[in-house]
1. Taking into account only those residues within segment 324-343 that are farther than 18 Å from Ile391 by Cβ and of a type in the set (D, E, K, R), which is surrounded by the most Cβ atoms within 10 Å (Cβ to Cβ)?
2. Would segment 66-79 turn up any residue that is in contact (Cβ under 8 Å) with a residue 60 or more places away in the chain and aromatic (Phe, Trp, Tyr)?
3. If you scan segment 373-390, which residues turn out to be closer than 30 Å to Ile45 by Cα and surrounded by 18 or more Cβ atoms within 10 Å (Cβ to Cβ)?
4. If you check Ser138, Ser100, which single one turns out to be free of Cβ contacts under 8 Å to residues at least 40 places away in the same chain, of a type outside the set (D, E, K, R) and on the phi > 0 side of the Ramachandran plot?
5. I'd like to check something: does segment 29-37 contain any residue that is modelled with pLDDT of 50 or more, out of contact with any strand residue (DSSP E or B) (no Cβ under 6 Å at 6 or more places or on another chain) and outside the structural domain of His361 (by TED's automatic domain parsing)?
6. Assess whether Ala370 counts as being over 17 Å from the mean Cα position of the chain (by Cα) and more than 23 Å from Arg333 (Cβ to Cβ).
7. Which residues, counting only those in segment 202-216, are under 18 Å from Met286 (Cα atoms), of a type outside the set (Ser, Thr, Tyr) and surrounded by 14 or more Cβ atoms within 10 Å (Cβ to Cβ)?
Amino acid sequence: MGFEKIVNELPQSIFIMGFYTVKVQQILFFLTLTIFGCRSAAPEIFEGYDYDPEGVTETYDREIVQQHKRTIGFMEDRVWISNEFDGARVSDVYRLSKYSYRIEIHPEIEPINNSPWYAFKIWSEEPVSVEIELQYNSGQQRYIPKISRDGGGIWENTLDEEYTHRRSSRTGNLTLTITDEPVLVSAQEMFTTAHFQTWLDDITQKPFATNSVIGYSHENRQIQKLHFSEETGTAHRGVVILYGRQHPPEIPGYQVSLVFLETLAGNSELAKEFRNYFDVWAFPLMNPDGTDNGHWRTNAKGVDLNRDWKHFRQPETYAVKNELLKLKNQKNRTVLYGIDFHSTGRNIFYPIDSSHITNPHQFSVRWAEAIREEIPELSLGIQPFDIDSPIAKNWTYKTFGADAVTFEVWDEIPRELIEPFGVRSAEIFMEKMLEEYHLLFK
């Protein structure tokens with residue numbers, strides 16, 4: 001008899017009380033592991049995806065290339081270029097000719113995933129048009145330059161006539177008009193730890209929202225947890241875990257995650273009902289060192305945090321793991337889902353492959369299909385993955401038996417779609433997760 005047939009033929013009386021539901025799910029979860037383990041040989045050791053550099057899962061500390069912070073002035077042109085601010089990245093600057101400059105962009109370690117991050121300020125004593133050659137070293141262009149003329153409040157994409165990319169030479173050429181007011185040029189919109197703290201201080205004004213420091217990074221920046229919990233008298237509460245910004249340049253995923261959390265914390269009747277039954281444990285900015293240092297991918301010790309969910313050698317992943325393990329001892333809390341926000345070349349969900357029985361089972365696919373139906377312009381893809389890689393999504397499943405997803409947002413998503421993506425995906429999530437809760441615990 002097939003495993004799904006066994007599950008379907010269990011007597012309904014087993015599911016009368018939430019307590020017994022959880023126990024049955026746990027039994028079935030371990031039974032599944034046993035059945036599938038008997039059917040196949042042990043998998044090979046995961047060494048990285050095809051886009052990962054060699055050794056990415058060896059998450060010991062590495063020596064990184066420190067960025068030299070300075071402001072460079074070209075007196076012949078009376079033009080200045082600076083990386084003396086958080087989130088900046090410029091390795092070297094060369095004057096090619098009058099009002100023409102090359103900016104070299106090097107990663108913090110080599111080899112590295114292809115996510116060349118850059119950010120600098122440029123200004124002049126009088127209005128001039130300058131030519132800037134962006135030289136991508138150890139990578140190809142991934143991000144089209146964004147421009148801010150008000151210090152990072154309003155951002156604009158460069159136009160086709162302003163920026164061209166030459167893949168063969170790993171360069172991009174930007175034409176820019178500058179004045180004595182610094183222009184900020186960045187791979188993506190800039191959101192440093194200072195921005196995150198302001199956002200966190202604002203959302204924790206809500207009576208059910210708290211934040212706590214659960215650890216410190218290599219450079220002594222805070223690793224913070226955001227917690228939503230209301231005492232509503234519900235005997236058994238579900239828990240949703242959210243991870244974010246393990247990879248510093250992946251800004252659209254970070255933006256969507258904040259909108260998502262704001263929607264869960266909103267004043268709608270749906271959000272209030274959701275919080276009647278669910279707690280949220282969120283870690284929206286897991287890599288503060290990489291964020292403020294303008295890293296392409298890694299933390300202050302050159303480690304990709306989303307490959308350290310097996311050994312936990314880094315303080316960021318270690319702190320989050322230890323905090324979440326507290327849920328294992330809470331009999332009135334059940335982790336039902338995990339979301340890890342990222343950005344990539346398209347809007348796509350990476351759920352857990354259906355051969356692994358999750359609790360709830362295949363929620364990610366049902367959720368993604370509903371988003372895709374309601375917001376077709378997102379072109380949201382769905383690509384299941386196995387659980388062999390040491391990433392946050394898989395650790396969530398292996399630790400709690402819960403379903404989980406890597407939620408990827410397109411690098412160049414039209415910015416007007418970020419808010420509806422975050423809001424509507426959260427609303428659909430709450431609707432469907434409430435349905436799952438009532439099936440399990442009512």
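1. Of everything passing the filter in segment 324-343, Arg333 is surrounded by the most Cβ atoms within 10 Å (Cβ to Cβ).
2. No, there is no match, as no residue in segment 66-79 is in contact (Cβ under 8 Å) with a residue 60 or more places away in the chain and aromatic (Phe, Trp, Tyr).
3. Ile387, Ser389, Pro390
4. Ser138
5. For segment 29-37, residues modelled with pLDDT of 50 or more, out of contact with any strand residue (DSSP E or B) (no Cβ under 6 Å at 6 or more places or on another chain) and outside the structural domain of His361 (by TED's automatic domain parsing): absent.
6. So Ala370 passes the test.
7. Ile203, Asn211, Ile214, Gly215
Here is a yes/no grid of residues against (1) in contact with a strand residue (DSSP E or B) (Cβ under 6 Å, 6 or more places away or on another chain); (2) within 30 Å of Arg62 (Cβ to Cβ); (3) surrounded by fewer than 24 Cβ atoms within 10 Å (Cβ to Cβ); (4) touching a residue at least 40 places away in the same chain (Cβ under 8 Å):
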{"site": "Lys310", "(1), (2), (3), (4)": "no, yes, yes, yes"}
{"site": "His361", "(1), (2), (3), (4)": "no, no, yes, yes"}
{"site": "Ser364", "(1), (2), (3), (4)": "yes, no, no, yes"}
{"site": "Ile371", "(1), (2), (3), (4)": "no, no, yes, yes"}
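The values are calculated or read from the model by the stated rules, or taken from the named source; none is laboratory data. As the structure is a computational prediction, the values presented were derived from the model and not from experiment. Ideal geometry is used to build each Cβ from the backbone, glycine not excepted, and the neighbour counts take in all protein chains shown.
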